[in-house]
1. Considering only residues that are aromatic (F, W, Y) and surrounded by 15 or more Cβ atoms within 10 Å (Cβ to Cβ), look in region 1-42 and name the one that is farthest from I91 (Cα to Cα).
2. Hey, can you tell me all the residues within region 46-64 that are in a loop (DSSP other than H, G, I, E, B), over 12 Å from the mean Cα position of the chain (by Cα) and modelled with pLDDT of 90 or more?
3. Among (1) surrounded by fewer than 16 Cβ atoms within 10 Å (Cβ to Cβ); (2) within 13 Å of the chain's Cα centre (by Cα), where does S168 come up short?
4. Can you confirm whether K200 is surrounded by 15 or more Cβ atoms within 10 Å (Cβ to Cβ), charged (D, E, K, R) and over 21 Å from S48 (Cα atoms)?
5. Can you work out which of the residues in region 1-45 that are polar (S, T, N, Q) and part of a strand (DSSP E or B) is nearest to the chain's Cα centre (by Cα)?
6. For region 26-61, give me each residue that is over 21 Å from I170 (Cβ atoms) and of a type outside the set (G, A, S).
7. Can you report the number of residues in region 142-184 which are within 21 Å of E38 (Cβ to Cβ) and of a type in the set (S, T, N, Q)?
8. Just need a number here: residues in region 41-69 that are farther than 14 Å from G224 by Cα, in contact (Cβ under 8 Å) with a residue 60 or more places away in the chain and of a type in the set (A, V, I, L, M, F, W, C).
Amino acid sequence: MKENNKQIVVIDLYKTHFLDRVEVSAIRGVSLAISSGEFTALMGASGSGKSTLMSILGCLDMPTAGTYTLEGVDIGRLSRDEMASIRNKKIGFVFQGFNLLSRTTALENVELPLYYKDHMPAKTRKELAREALTAVGLENREKHHPGQLSGGEQQRVAIARALVNKPSIILADEPTGNLDSKTGREIMEIFQHMNQKLKKTIIFVTHDRDIARFAERQIKLKDGLIIEDSSSKRSNP
């Protein structure tokens, strides 16, 4: 399934924050490469740097030093508008808290990223949103509001929203953190399907070893450094 090309290349990456004038190093010299089609877990305790690294990979934040190349593009050379364009075209995001609008239907929530597409007809938006909902098994829930859906169903809507622009990369930050273990496994099986059948590169943050086992590659961070990078045969814990 994997291709030889390196979709993501990070070299000697640093990220420093200032908290009350105190310098805090969140990332300290991280280098890694991820090929197109990989399924990767970023692991580590709170404060390890995994979420900071995810924000940089998602073009939501810029490193203090080092380089990040995404599909041959040096992200550090882009303007804010160019970074926003990259995010919208190439990256889909899934968050722990779902981030759904409570007063809009599942279909309307999934449609939201498509409003950034210039001159896209409403009919086309709805068709693409329905296609994404079908991909996550929610074709019969399109008119339901988030409050009428279970936590697992809400996360499926969030995944459909991440898919609707047909990005090449899906980034997920603790996607099972608000779910029970059974529902969390079901969500990870959806990510496996997206990786295997839809050929998406998937990178997700987790502190749960059982969830991390769904990935083919596990990268563990501690104090802003990669301390372990291992590949394993995909499993369903």
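1. Y14
2. Matches in region 46-64: S48, G49, D61, M62, P63, T64.
3. (1)
4. yes
5. T40
6. Across region 26-61, the qualifying residues are I27, R28.
7. Counting residues in region 142-184 that are within 21 Å of E38 (Cβ to Cβ) and of a type in the set (S, T, N, Q) gives 3.
8. Looking only at that region, the number is 2.
The values are calculated or read from the model by the stated rules, or taken from the named source; none is laboratory data. Everything quoted here is computed from the prediction, not taken from an experiment. We place every Cβ from the backbone using ideal geometry, glycine too, and count neighbours over all the protein chains shown.
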